[in-house]
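For reference, the structure is listed below as structure tokens.
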Amino acid sequence: MTEADRIFERFPPFIREYIYSHEWKALREVQMQAAEVIFDSEDNLLLSSSTASGKTEAALFPILSRLYERGERGSGVSVVYIAPLKSLINDQFYRLEDILEYSGVSAFHWHGDVSAYHKNKFLKNPSGILQITPESFESMLMNRSNDIPRLFGALEYIIIDEIHTMIGTDRGNQIMCLISRLSRLIGYSPRRIGLSATIGDMEKACDWLGAGSERKTVAPQPSLQKLTWKLGMEHFYIQNPSLDQTGRPITDENAANVNKYAQIDAGFEFLYDSVKDKKALVFSNSREETENVTATLRQIAKNRKEKDIFLIHHGNLSASIREDAEMKMKDDGAQAVTCATVTMELGIDIGKLDRVAQMNSPYRVSSLLQRLGRSGRREAPPEMIMIFREESPLPNAPLPNLVPWELLRGVALVELYRDERFIEPPSEKKMPFSLLFHQTLSILASSGELSAKDLAARVLTLPPFSHIDKNDYKELLVHMINEEYLELTEEGGIIIGLSGERLINSFKFYAVFLDSEDFTVRCDSDEIGTITTPPPVGERVALAGRVWEVIEIDISHRLVFVKSVEGKKEISWPGDSGEVHTRVLEKMREVLFSDKEYPYLMQNAQKRLAVARHTARATSMNKSMLLSIGGSSYCLFPWLGTRAFRTLRRFLNYHASKLGICDIRSEGCFYITFKAPNKNADELLYFIRTLITDEGINAEALVGQAEYPVFDKYDEHIPPELLRRAYACDRLCPEEVIYRFE
């Protein structure tokens, strides 16, 4: 009997029947590996395998088998499944229906959109599997702490889905706090199972998943599979006299179609033709770009008198609009193209996609893999078209504007994974003061009065706070008491203060990610989504890929009433761009300075890269990272990732007078420009290198004493000196800068 047969025989009849009915030819490697760990050990498990490889089934089959064998009913929850998105929970909930029907194991889902009836049904008879968001889990521990042993006293497994989105974030660290707090309340630590398609450093991820559990965490290594991708990259100039940039020869047969193909924008027309007859996702890196892409594709469809099949999906849209897109994408018989942000990057099962398109380049290899993996299911290879649109550079454009940074990054991401299987390692947040503030209030709200010593013991022993110094926590507590978030009792204990009560009494308290006070946009009875700032009555706003005219604003209830109108308009939301790893910048440099050809580059993209390489050599970019760009202006190309680049920029500002430089500016993490009167480039680079290598870089010194670096949700409630220390620790990276200049 083979190992696969042995595992298959251990599954109960209903799972075997499920496998037969879905016409699986064999168990996949990840499913065999998961079954071995869950059946034959009591270890934690980290499963990292490509999208659509069956990770959810890999974890659930052996878990359900063990629950079925034991035959327990109604004695408390056996499995908690935590996911970052409501839509992912809903999707998994309905996916489980078939297999759970015959198992005797019940399933409940719990998040903000679930009805009170469904929640009360669970509370009366807690059992089986509970699928929940981190925010609802927080609410449960805060408000039902006395009931936790009854609800979770039989808990055996905690499954965390998409853990690559969690590690190194406040939300992920919140989950670790919640799991530790739950374990204390029930008196033991359930097994943890983490699922992800993209983990860059398995050892770090195992440390994160198993922190505080006192269990070994096992991460089976999948076999290295040969890559089979259908990939194409094409480049277009936005302002170009040639309406058709695709290189199609103009013959009598297609001459009449040239203007048809590029009446609006050559790049968007190319995108339209790439997806119009397919079921596809079109990814963009921001909500603004997603809105623009959707509106433009609809405009092209109208212009060509073709059917509008374009949908939209991002975090500021109403649940009904997002769910409509998900439903139509799941329908095998429907023709649909959804323009989306990261909200469709995660593991919602939308069936077989013909193609994924990407506007410009993702920021990370992990995002590329997640997005590419949305296509290619059911044995077909993943397929992606990446489209780059760039302003046509003016004749007198400065050197940095002559480099196609997005195209270079797109190639770099592909090459890093293709050649090295590189995925960005998970980051670590050593000073999460915003979360520390939040968990302090949450623990006090659930426990009642505690002494300072007991409070510190409960909070600082949570895994995410292992690097927090006791004196720093004391400083935070004193500040919270002074600001009335906490209050000292006559007996010397600590309770929630008046300001703290106002925070915890809002449902928004449960979330640790930053939320804005947005306005809800409505058209008649339909909710469209949210915007940050409403325009005046009579003006127009873009949302859900359409344009709306404002007819009324209700400031007190933060409502904007609109009517639909024709046209196209830009919209913006506040937010940071993605973080890029230094290895990506190093590979971009290699792509620019080498002669290597890339078979997935299409005609325009090949030409654009060739021009950029010629420019780089002609200007000696390949010989020095610091170049004169005219007069007293210089440009520094450090080829560093976001954190290291940020550190270098601050270092140059800090030592500007010593170096004799001024007017320091930067773009993304690609280049830094400044003026240096009466300086020579080689001499100046030598001074910078000497200053870095001889004196080193003191990260805390680079954060000014007047700065108040607020980034996370509760940072505004943290003493500024603690925030400055956290910024230096978690957002700067002196080591990579020093390494680059050595």
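Just to be sure I understand the curve: with the Debye formula and one point per C-alpha of the range 405-515, what is log10 I(q)/I(0) at q = 0.13 Å⁻¹? The Cα Debye sum returns log10 ratios of -0.58. Dipole size of the range 407-552 about its Cα centre, with +1 on Lys/Arg Cβ and -1 on Asp/Glu Cβ: approximately 540 debye, rounded to the nearest 20. Its Cα gyration tensor gives the chain an equivalent ellipsoid, and the semi-axes of that ellipsoid, as √(5λ) in whole Å with the largest first, are 42, 35, 28. Rounded to the nearest 20 debye, the dipole magnitude of the range 305-449 is 80 debye, with +1 charges on Lys and Arg beta carbons, -1 on Asp and Glu beta carbons, and the Cα centre as origin. Computed over the range 624-680, the range of Cα coordinates on each principal axis works out to 31, 21, 17 Å, biggest value leading. Note on the range 605-742: dipole from Cβ charges, positive end direction compared against Pro677, Ile738, Thr647; the farthest Cα belongs to Pro677. Counting only residues at least eight positions apart within a chain, or on another chain, the aspartates and glutamates with an alpha carbon under 17 Å from that of Lys675 are Asp663, Glu667, Glu683. A viscosity of 0.890 mPa s and a temperature of 25 °C, combined with the Kirkwood radius over C-alpha pairs in the Stokes-Einstein formula, give the range 580-631 a diffusion coefficient of 199 µm²/s. Estimated purely from DSSP H runs of n ≥ 4, each contributing -39500 (n - 2.57), the mean residue ellipticity at 222 nm for the chain is -12000 deg cm²/dmol once divided by its residues. Protein heavy-atom surface of the chain, 1.4 angstrom probe: 48% of the accessible area is carbon and sulfur, with nucleic acids and ligands not counted. Please work out the Cα center distance from the range 356-396 to the range 407-484, rounded to the nearest Å. Measuring centre to centre over Cα atoms gives 33 Å. Along the range 23-29 the Karplus relation, 6.51 cos²θ - 1.76 cosθ + 1.60 evaluated at θ = phi - 60°, assigns HN-Hα couplings of 6, 6, 7, 6, 6, 7, 4 Hz to successive residues, with x for each Gly and Pro. Peptides 487-497, 24-34 ordered by packing proxy, namely the average of other Cβ atoms within 10 Å per residue, highest first: 24-34, 487-497. Here Lys307 is the anchor, and the lysines within straight C-alpha reach of less than 20 Å, apart from those fewer than 8 places off in the same chain, are Lys260, Lys276, Lys278, Lys279, Lys328, Lys330, Lys568. Applying the criteria of a DSSP loop state and at most 15 other Cβ atoms within 10 Å to the trypsin sites (Lys or Arg not before Pro) of the range 128-237 yields Arg144, Lys216, Lys226. The residues neighbouring Ser189, those whose beta-carbon lies less than 14 Å from its own, together hold a net charge of +2 under the Lys/Arg +1, Asp/Glu -1 convention.
Annotation: peptides 398-407, 623-632, ranked by per-residue average of other Cβ atoms within 10 Å with the highest first, follow the order 398-407, 623-632.
Entry comment: accessible area of the chain is 44 Å² per residue, from protein heavy atoms only and a probe of 1.4 Å. Each eigenvalue of the Cα gyration tensor of the range 591-742, multiplied by 5 and square-rooted, gives one semi-axis; in descending order these are 32, 21, 13 Å. Semi-axes of the equivalent ellipsoid for the range 384-445, computed as √(5λ) from the eigenvalues of its C-alpha gyration tensor and ordered from largest down, come to 42, 20, 11 Å.
Once the mean of 1/r is taken over each pair of separate Cα atoms and inverted, the range 24-64 shows a Kirkwood hydrodynamic radius of 10.3 Å.
Could you work out the local net charge near Ser499, counting Lys and Arg as +1, Asp and Glu as -1, over the other residues with Cβ closer than 13 Å to its Cβ? Once all neighbours under 13 Å are counted, the net charge is -4.
Sorting the segments 522-529, 434-441 by their residues' average number of neighbouring beta-carbon atoms within 10 angstrom, most packed first, yields 434-441, 522-529. Which net charge results when you count Lys and Arg as +1 and Asp and Glu as -1 among the other residues whose beta-carbon is under 13 Å from that of Glu527? Residues near Glu527 contribute -3 overall.
Charging the Cβ of each Asp and Glu at -1 and of each Lys and Arg at +1, and nothing else, the dipole of the chain about its Cα centre rounds to 1140 debye.
The values are calculated or read from the model by the stated rules, or taken from the named source; none is laboratory data. Everything numeric here is computed off the predicted structure, so don't read it as measured data. All Cβ positions, even for glycine, are placed from backbone atoms using ideal geometry, and neighbour counts span all protein chains on display. Accessible surface areas use protein heavy atoms only, side chains included; no ligands, DNA or RNA. Shrake-Rupley method; radii C 1.70, N 1.55, O 1.52, S 1.80 Å.
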